[in-house]
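K.L.:
Can you read through this structure? Questions will come right after.
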Amino acid sequence: MLHHDTPPRAPHLDALRTTLVAWVIAGHALMGYSAVGGWAYDEVREVTFAPGVELVLVAVLGPTGLFVIGVFFFVSGLLTERALLRHGASAYVRGRVLRLGLPWAVSAFLVWPASVWFAYTAAGHDVSFAWVLTHREPFLDAGSLWFALVLLIYSVAFAAWYRLTGQGSGAAPPVAPRPLTGRYLAGATVAITLLSFAVRLWFPARSGQVADLHLWQWPQCAGMFVLGVVAARRGWVQRVPDRIRRGSGVAVLVTLVVLPVAALASGVRDVARDAGPFLGGWHVAALATAAVEAVLVVAGSVWLVGQAGRRGFGGGPRAGALARAAFPAFVVQGPVLLGLAVLARPLGAPAEVKAPLVAAAALAVCFGIGRAVSGPRRARHPAGRVPGG
């Protein structure tokens, strides 16, 4: 996602990103009607899920929310060094600023506050666009495009490090002499756990900072970006070793089985009411949350990339068209989701009906817009490549 510099013959990464973009859009539609929140429409929602339904949704779908963003950063890390070598540091940074920074700025200063103002007005709030832009927290919120700003920061930092250390003399990333082992991945998991716990002493999970930078998530995001760079030097863009892939899958499965049981055993019955100690601070629950996230993001990212490559996802013209549409679909999801939720507002239906309807409509509209603006693949791009790198 957001980093269409896929090397030749890696359409499985585009297919994986496309699937996850769709998952994010649908997830935001559901979050808009949840008591836990996490999407702007929850500030003005007219109906919400029953506590029991929300608990089931959190148990079934919640774990994916703990690691989906990390998968995007992992894939971006897998592709970054090759793109940097192909374009050169200066051209690479200019391209990232245009592709990531410009959409973020347009969203933060215009599109997102206008969309939120529209939703607030539809809900009967007497606020102006200027008030939303300057007073709504966090300041300079860009909706889902916070990801673009953070990825831009990481990309520029990596390019600067690359130039300062004098690397990048070849046409492809250097090949590392040692393979990535399960022990290395376990070490990365522990590091992300401890750093996440430490950062959340000051920035609890789901807290807002200027530009909605998600600082509480940076250990996960930066850790997976770096892990992607390291893995690319071991050939993981094309193939994740079978043993690593299978072991990662087992780790994910065990965690997903244990997590709902552990949550119920800890006394969680109403997620919105009981979530506080899990979000940060000197709590065992906060450390446990950081550990679960780390296991899921490391093992889940590796397993998903490995499975996508093994199954040969992404072949064919339809998959290519959807891959090209994924980035613009991600960009436009904010105003589309809020607009559809406002349109559904007069319907006398519960959240359990409205949320799936909004999700389905948003997927159709976002990817429809994406396909319209991305156009057909031009002949000069090799198979498996996506324009815009």
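Where a number appears in this text, it was derived from the coordinates with a stated rule and is not lab data. No experiment lies behind these values; they were computed from the predicted model shown. Reconstructed Cβ throughout: ideal geometry from the backbone, glycine too, with neighbour counts over all protein chains shown.
K.L.:
Just to check I understand the Karplus step: with θ = phi - 60° and J = 6.51 cos²θ - 1.76 cosθ + 1.60, what whole-Hz values come out for the stretch 338-344, glycine and proline as x?
P.N.:
Values per residue, Gly and Pro as x: 5, x, 5, 5, 5, 4, 7 Hz.
K.L.:
Shape of the stretch 34-112 from its Cα gyration tensor (a ≥ b ≥ c, root eigenvalues): rounded if a/c is under 1.5, otherwise prolate when a/b > b/c, or oblate?
P.N.:
Oblate.
K.L.:
Explain nothing, just compute: Karplus ³J(HN,Hα) = 6.51 cos²θ - 1.76 cosθ + 1.60, θ = phi - 60°, for every residue of the stretch 68-74 in order, whole Hz, x for Gly and Pro.
P.N.:
Whole-Hz 3J(HN,Hα) from phi for the stretch 68-74: 4, 4, x, 4, 4, 5, 4.
K.L.:
Mean residue ellipticity at 222 nm from the helices of the chain, using -39,500 (n - 2.57) per DSSP H segment of n ≥ 4 over the full residue count, to the nearest 500 deg cm²/dmol?
P.N.:
Taking each H run of at least 4 residues, the total per residue is -21500 deg cm²/dmol.
K.L.:
Dipole of the stretch 11-374, Cα-centred, from +1 at each Lys and Arg C-beta and -1 at each Asp and Glu C-beta, to the nearest 20 debye?
P.N.:
So the magnitude is around 1600 debye.
K.L.:
Next up: Counting only other residues whose beta carbon sits under 13 Å from that of ALA122, what net charge do I get with K and R as +1, D and E as -1? Working shown, then result.
P.N.:
On the way: positive: ARG45, ARG345; negative: GLU43, GLU46, ASP126.
Computed value for this residue: -1.
K.L.:
Let me ask you something else. Taking K and R as +1 and D and E as -1, what net charge do the other residues with C-beta under 14 Å from the C-beta of TRP216 add up to? Intermediate results must be reported in sequence, preceding the final value.
P.N.:
On the way: positive: ARG200, ARG206; negative: ASP212, GLU293.
That sum, taken over residues with Cβ under 14 Å, equals 0.
K.L.:
Could you give me D for the stretch 11-374, from Stokes-Einstein at 25 °C and 0.890 mPa s, where the hydrodynamic radius is the Kirkwood radius over C-alpha pairs? Units µm² s⁻¹, please.
P.N.:
Calculated translational D: 115 µm²/s.
K.L.:
Just how far, in whole angstrom, is the stretch 287-316 from the stretch 40-115 if you go by their alpha carbon centroids?
P.N.:
17
K.L.:
So, one more: Any chance you could list the semi-axes, whole Å, largest first, of the equivalent ellipsoid that the Cα gyration tensor gives for the stretch 45-163, using √(5λ)?
P.N.:
Over the Cα atoms of the stretch 45-163, the semi-axes work out to 34, 23, 9 Å.
K.L.:
Place a +1 charge on the Cβ of each Lys and Arg in the stretch 204-294 and a -1 charge on the Cβ of each Asp and Glu, then give the dipole magnitude about the Cα centre in debye, rounded to the nearest 20.
P.N.:
480
K.L.:
ARG233: net charge of surrounding residues, Cβ under 14 Å, Lys/Arg +1, Asp/Glu -1, itself excluded?
P.N.:
Numbers: positive: ARG82, ARG178, ARG234, ARG239; negative: GLU81.
That works out to +3.
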